[in-house]
Amino acid sequence: MKKDDYMDLDFSDIEAHFPLDRREFIKLFGGGIIILVSLRDAEALPQQRRRVRPELPKDFNAFLRIGEDGRVSCFTGKVELGQGIITSLAQMLADELEVSLGSVDMVMGDTDLCPWDMGTFGSMTTRFFGPPLREAAAKARAVLIELAAEYLKVPLNKLKAKDGVIFDITQPKNQVTYAQLTKGKKIVKKLDRKVSLKAASEFTIVNKSVSRTDAQEKVTGKAMFTGDIRQPGMLYARILRSPAHGAKIKSVDTSAAEKIKDVRVVKDGDLIAVLHKHPDEAGKALAKVKAQYDLPEAKVDDKTIFDHLLNVAPEGEAVVQGGNLQTGEKLSAHIVEETYLNSYVAHATTETHTALVKIEGNKATVWASTQTPFRAKDEVAQVLGFPSKNVRVIPPFVGGGFGGKSNNKQVVQAARLAKLAGKPVQVAWSRAEEFFHDTFRPAAVVKIKSGVKDSGKIFLWDYIVYFAGERGSQQFYDIPHHRTVSTGGGWRGTPGSHPFGTGAWRAPANNTNTFARESQIDIMASKAGIDPLEFRLKNLKDKRMLGVLTAAAKKFGWTKSKAANGRGYGISLGIDTGTYVALMAEVEVDKKGAVQVKHVVCAQDMGLSINPEGAKMQVEGCITMGLGYALTEEIHFKGGEIFDLNFDTYEIPRFSWLPKIETVLIDAKDSPPQGGGEPAIICMGAVVANAIYDAVGARLLQLPMTPERIRAAMKPK
Amino acid sequence: MRETINFKLNDKPTRLTVDGERTLLWVLRSELSLTGTKFGCGEGYCGACTVLVNKEAVRSCQFPVKDVKGKEVITIEGLAKNGNLHPLQKAFIKHDALQCGFCTPGMILNAYSVLLKNPQPSHKDILENMDENLCRCGAHTRIVQAIKTAAKEMK
């Protein structure tokens, strides 16, 4: 595995096994028909196989069970974060099994009930888990038809399943329900061969828009998030936060807090917390804790970070190269050399990191807002000194992830405190803790030297990305002489590079890379005096990319014109998690440098879309969220001290920012499904930057494009 | 200071003895087991904790519980009547106006207060009056559509 593979696996101490042996497992689930799904058996998973370490489970990754009541349960280690897989996975299952969507229950992420899963990230659920889940459902249907043949005394080829009923096609009244067939049965089958799946033309539930199955719970307040779970005797913790990353505590005075009724103060090394049966009372007590710190010398801030990163960058590695750069330079009439910057940005999920840990004897139960429940299980086991099998993690609904909830720091804190307190303890980070402990999207630098002829043909592309990661760095234009280099150890950085934690942020690395690449393409189009759409069409050969670009242009109503003519149109293209996207935007820029994005069109080729309306929701989410890193989102800091600790200074997108959003999904239902939760966001930096240039002739090379930076770029040079 | 507070909560007379300086958010969540009202930022910036007090949207994380004395409080749990969802709840489902769902209760209650004051808001009215409620997943366009649909329904 390449070190900067976008999975960014770091499960070195993972104990990967299903908690129960097969016999116990059958006992636990009682009767019915159980089909085990193994990702590793499916032939269509070369990418997954490449990314998964050999020690990961060889047995099975999920299963579905048809109960004696005819209801179907799907047990998966994946987690619902808002992306909608609770609905789309059920659609895939229901369609192949021939049951109604309403008869499917999703059991997600519970580490005792669900088989091991590495985590919910990288837009992998539908791509890699979808196909074997469909195969399992098809297998279950085949098993049921075999049972029905026996039961109805009808040959297999005369039977058909529909809506949970199997009937004789020659005599439809001769029928039996799945519930009748499963009664008293204990059948466990492993999916050990590929079964034939429905063709796209046979779908009745897949590729049809359905409402989110979690909507009813979520609009009534019944949906349970981790912070909503209650356990008898539980205490709420508020934890002392240091003023800066790297600060060392010198002294602490908890006497005032300890005087408050029912408050318990707990100290364990660097972990100092106050506990109370009410979270707000714990918060008030924490405010009375006085601590002195030694602060490390601040070496970088949000302005000097880019020079620092360039100074500490290790030797890069070529991701891809071809032709000869010197030849490319000689063939080019215009050489463009630019440096692109982007700041640290926060995940800022609406639900802060939360966990509740209950310890009974040598067993622990954990409720947590996490994208990686199985990783949390091992982390808790390690910190408590319990065998991994004695820890159960249950992720209720998670209030947004975007990569930020792959880290389970709050879970470990809650486990330590529950052990010290001898009672169940909930940790729910304050907003300031959320901004402080977050693993930000890294600040990064991209340098590009490229060359173009007056004809508009690009001949040279020399690209180096520092500290973002290589995902999305490979350009897809038809350029004969090119090199792409990535350095800085991916989004986690190298030791000493970032003053605080960094990590994966929705479409990691690709936001940075696409901003740089698509801005550079536009600059070259301007040098050659060619309309940015025409310029791209001249330099592209990839059919899927041409398909999304022309679809977007049609929907948007793009008309040819050289850039910077005051109209405010922009284009950006990109590829992420197998999906091709083309975005076009229209903006208005006022004299103060304030930008209003008026209209965004996204054309997306994502292969088969399971729930087209769900896919559009993800595109709209990407576009709306992406306005933030394009225009305002930026962490201000000095050394390890973070200055943005709430939404007053850290501005995320609001209703008044909303552009008109239109999404075109390319009809590609015969192609395998690709990513949906991340692709469209990668284009937001460049599509807005290019539109700003078109509107006012100001070229923005740094994200976010704040009014101050836009005003500076607007000044005549 | 502990005091007895009488108020109407989701149509039910409610009597509570608590420290009146505690915020409505945490009293709802911890004393009354109404967890539909969410903690998002704790400083009144995000709107996840929005509830109605005498039909006005308030940030319950900033609202001392003593100030609900004699008043009427509506939380997300009190919006459906006799098992029938409120038109806003139905419209949020119809338009898929949510993703993770964490901001949803606050969004719906803020939208309710908007519609109570202005039953037929323009697109611009909706944007302006919803602007202080934050959604990180980006369900905004659909929330606007849902409010428009509910406004028609409630006419």
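General remarks:
- Here B:GLY36 fulfils each of the conditions (1) crowded, with 23+ Cβ neighbours inside 10 Å; (2) over 16 Å from the mean Cα position of the chain (by Cα) apart from (2).
- Spans of helices (runs of 4 or more DSSP H) in the range B:48-155 with at least 1 residues within 11 Å of another protein chain (Cβ to nearest Cβ) and more than 20 Å from B:THR37 (Cβ to Cβ): B:87-94, B:123-130, B:140-154
- A:ARG230 meets each of the listed conditions (1) part of a loop (DSSP other than H, G, I, E, B); (2) touching a helix residue (DSSP H, G or I) at 6+ places or on another chain (Cβ under 7 Å) apart from (2).
- Total residues in the range B:30-45, condition facing chain A (nearest Cβ under 7 Å) and either without any contact (Cβ under 8 Å) to a residue 12 or more places away in the chain or under 19 Å from A:ARG238 (Cβ atoms) (or both): 7
- If you go through the range B:17-33 and keep only what is more than 26 Å from B:LYS117 (Cα to Cα) and either out of contact with any strand residue (DSSP E or B) (no Cβ under 8 Å at 6 or more places or on another chain) or in a helix (DSSP H, G or I) (or both), you end up with B:TRP26, B:VAL27, B:ARG29, B:SER30, B:GLU31, B:SER33.
- Out of A:LEU645, A:LEU631, sole residue that is modelled with pLDDT of 95 or more, within 20 Å of A:ALA695 (Cα to Cα) and in the same structural domain as A:ASN511 (by TED's automatic domain parsing): A:LEU631
- Screening the range A:432-461 for residues that are of a type in the set (S, T, N, Q) and assigned to a loop (DSSP other than H, G, I, E, B) and picking the one that is nearest to A:GLY403 (Cα to Cα) gives A:THR439.
- If you check A:GLU641, A:GLU651, A:GLU708 for being of a type outside the set (Lys, Arg) and under 22 Å from the mean Cα position of the chain (by Cα), only one passes: A:GLU651.
For every residue, the table says whether it meets (1) of a type in the set (S, T, N, Q); (2) more than 30 Å from A:MET625 (Cβ to Cβ); (3) modelled with pLDDT under 95.
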| site | (1), (2), (3) |
| --- | --- |
| A:GLU338 | no, no, no |
| A:LEU341 | no, no, no |
| A:THR354 | yes, no, no |
| A:SER369 | yes, no, no |
| A:GLU379 | no, no, no |
| A:VAL383 | no, yes, no |
| A:PHE386 | no, yes, no |
| A:ARG392 | no, yes, no |
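- Filter result (under 13 Å from A:PHE556 (Cβ atoms) and not β-branched (Val, Ile, Thr)) within the range A:595-610: A:LYS598, A:HIS599, A:CYS602, A:ALA603
- For A:LYS261: the one exception among (1) within 14 Å of another protein chain (Cβ to nearest Cβ); (2) assigned to a loop (DSSP other than H, G, I, E, B); (3) closer than 18 Å to A:SER430 by Cβ: (3)
- Every pair of residues 6+ apart whose Cβ atoms lie under 8 Å, when the first sits in the range B:7-20 and is in contact (Cβ under 8 Å) with a residue 24 or more places away in the chain while the second is of a type in the set (S, T, N, Q) and not in a strand (DSSP E or B): B:LEU9/B:THR75; B:ASN10/B:THR75
- Options A:THR514, A:THR559; residue that is out of contact with any strand residue (DSSP E or B) (no Cβ under 6 Å at 6 or more places or on another chain) and either assigned to a helix (DSSP H, G or I) or without any contact (Cβ under 8 Å) to a residue 24 or more places away in the chain (or both): A:THR559
- Taken over the range A:434-461, the residue count meeting the criterion of being surrounded by fewer than 20 Cβ atoms within 10 Å (Cβ to Cβ) and acidic (Asp, Glu) is 1.
Every residue, every condition in (1) modelled with pLDDT of 90 or more; (2) in contact with an Asp or Glu (Cβ under 6 Å, 6 or more places away or on another chain); (3) not in a loop (DSSP other than H, G, I, E, B), yes or no:
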position	(1), (2), (3)
A:PHE63	no, no, yes
A:GLU80	yes, no, no
A:SER88	yes, no, yes
A:MET106	yes, no, yes
A:SER123	no, yes, no
A:ASN157	yes, no, yes
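- Restricting the range A:200-220 to residues that are closer than 25 Å to B:THR35 by Cα and part of a loop (DSSP other than H, G, I, E, B), the residue that is farthest from the other protein chains (Cβ to nearest Cβ): A:THR213
- The single condition among (1) farther than 30 Å from B:TYR112 by Cα; (2) among the hydrophobic types (A, V, I, L, M, F, W, C); (3) within 14 Å of chain B (Cβ to nearest Cβ) that A:ALA223 does not satisfy is (1).
The values are calculated or read from the model by the stated rules, or taken from the named source; none is laboratory data. Please read these numbers as outputs of a predicted model, since none were measured by experiment. Don't worry about glycine lacking a Cβ; one is built from the backbone with ideal geometry, like all the others, and counts go over all protein chains shown.
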